[in-house]
Amino acid sequence: TDKVGPRHFLDLKDLDAATLRQILDVARSMKTMQQNRRFPLHPRRPLAGRMLGIILSKPSTRTRVSFEVGIRQLGGDAIILSPGEMQLGRGETIADTGRVLSRFVDALVLRTGKTDSLQTLAKWSSVPVINGLTPSSHPVQILADILTFEEHRGPVKGKTFAWTGDGNNVLTSLIEGAVRFGFALRAATPADMRPAQDVLDWAKAQGGDVQWTDDPKAAVHKADCVVTDTWISMSDSDDEAAARIAKLAPYQVNTELMALAAADALFMHCLPAHIGEEVTQDVFEGPHSVVFDEAENRLHAQKGILAWAMGGADWASFGKE
Ligand code: CP
Ligand code: NVA
């Protein structure tokens, strides 16, 4: 049939490269417009009257605030929903929750501890569903990271990123981003913390330049950007924390490791950071670090995603006054 479903933003691999690039172009234009006007609200309030439901099953600082502020800057509004305060917490299904909320709001963001829940919500919602982090992926973070890299160093295409640490949700989305945006990625993790084989296979099938190693020095060698994340994600059990920290210690980003990267390499971390674990204080606060620019760009990248998901046929015009 010709029926076109809602514009879900579930994973970078679900969108084509041209659409992802256009989302970032619109994001960058809106950011420039905002900075030039020295006024945060979009001059046309293109999402006036539109409501975003933000469902958070896990804690959040950046995702929550950047989506809420972002929709408001576009003229819309947001409500924050926590499953513990909803019937979802008493066993109402995600399918029914999605069908009901779709009658009230114009798009949903979901942060969940169960990857399946995101797929189920998207299946049953008649409004766009945006992935605000699952144990498997964090695509909105990676769009912000690419925006940040390009602001500092120009086009990401042909550059080399290195990841060192846990093979987690953020790495999975970085792999998908490498394929869609055309940069190389060298990921170093312990062998039993490798990124999921299906995403590595997918990257290879797509012709992506993505390589796994267990050697952080090999991964970081001459890289244009070094990326890491916490060693204990929200989906990891606290019982394993000590063992994980011990195993991941050789993967720490410190001055010695950073010195192996390109002289002008950037350091990125999605935050929150654990100083003395995945990164040392000197790198986190040092000249390579752009971690707070990344955090800021969550707002701008996600306004591009909101434009695409909620803006209808005219969404690309959000980049213009
Ligand atoms: N990086 C990130 O998603 O942060 P929050 O957990 O604070 O949303
Ligand atoms: N990998 C981390 C990212 C937090 C934004 C987690 O899933 O907890």
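Which residue is farthest from ligand 2 (Cβ to nearest atom), if the candidates are limited to region 184-215 and must be touching a strand residue (DSSP E or B) at 6+ places or on another chain (Cβ under 6 Å) and among the hydrophobic types (A, V, I, L, M, F, W, C)? Taking the candidates together, the pick is Ala184.
The single condition from (1) at pLDDT below 95; (2) crowded, with 17+ Cβ neighbours inside 10 Å that Gly84 fails is (2).
In the set Ala301, Ala273, Ala316, which member is surrounded by fewer than 21 Cβ atoms within 10 Å (Cβ to Cβ) and within 16 Å of ligand 1 (Cβ to nearest atom)?
Exactly one of Ala301, Ala273, Ala316 is surrounded by fewer than 21 Cβ atoms within 10 Å (Cβ to Cβ) and within 16 Å of ligand 1 (Cβ to nearest atom), namely Ala273.
Which ones in region 141-185 are free of Cβ contacts under 8 Å to residues at least 60 places away in the same chain, within 19 Å of Ser289 (Cα to Cα) and touching a helix residue (DSSP H, G or I) at 6+ places or on another chain (Cβ under 8 Å)? Within region 141-185, Val156, Leu174, Leu185 meet the criteria.
Might you check whether a residue that is within 16 Å of ligand 1 (Cβ to nearest atom), over 18 Å from the mean Cα position of the chain (by Cα) and modelled with pLDDT of 95 or more occurs anywhere in region 244-264? Quick ask: steps written out before the conclusion?
First, pick out the residues of region 244-264 that are within 16 Å of ligand 1 (Cβ to nearest atom): none.
Scanning region 244-264, I find no residue that is within 16 Å of ligand 1 (Cβ to nearest atom), over 18 Å from the mean Cα position of the chain (by Cα) and modelled with pLDDT of 95 or more, so the answer is no.
Quick check on region 64-73. Is at least one of its residues within 14 Å of ligand 1 (Cβ to nearest atom), more than 17 Å from Lys114 (Cα to Cα) and of a type in the set (Ser, Thr, Tyr)? Scanning region 64-73, I find at least one residue that is within 14 Å of ligand 1 (Cβ to nearest atom), more than 17 Å from Lys114 (Cα to Cα) and of a type in the set (Ser, Thr, Tyr), so the answer is yes.
Which ones in region 138-173 are within 16 Å of ligand 2 (Cβ to nearest atom), under 26 Å from Met30 (Cα atoms) and out of contact with any His (no Cβ under 9 Å at 6 or more places or on another chain)? Correct list: His138, Pro139, Val140, Gln141, Ile142, Leu143, Asp145, Thr148.
Only one entry in Asp145, Asp116 is among the acidic types (Asp, Glu), within 14 Å of ligand 1 (Cβ to nearest atom) and either modelled with pLDDT of 95 or more or in contact with a Leu (Cβ under 9 Å, 6 or more places away or on another chain) (or both), namely Asp145. All conditions but one from (1) of a type in the set (A, V, I, L, M, F, W, C); (2) part of a loop (DSSP other than H, G, I, E, B); (3) more than 12 Å from the chain's Cα centre (by Cα) apply to Ala122; the one that does not is (2).
Find the strands (runs of 3 or more DSSP E) located wholly in region 128-235 whose residues include 3 or more that are buried (at least 22 other Cβ atoms within 10 Å of the Cβ) and outside the structural domain of Thr255 (by TED's automatic domain parsing), and list them.
Numbers: elements: 129-131, 160-164, 184-188, 210-213, 225-228.
Strands (runs of 3 or more DSSP E) meeting the threshold: 129-131.
The values are calculated or read from the model by the stated rules, or taken from the named source; none is laboratory data. Note that this is a predicted model, so its numbers are computed, not measured. Every residue, glycine as well, gets a Cβ built from its backbone with ideal geometry; the counts of neighbours run over all protein chains shown.
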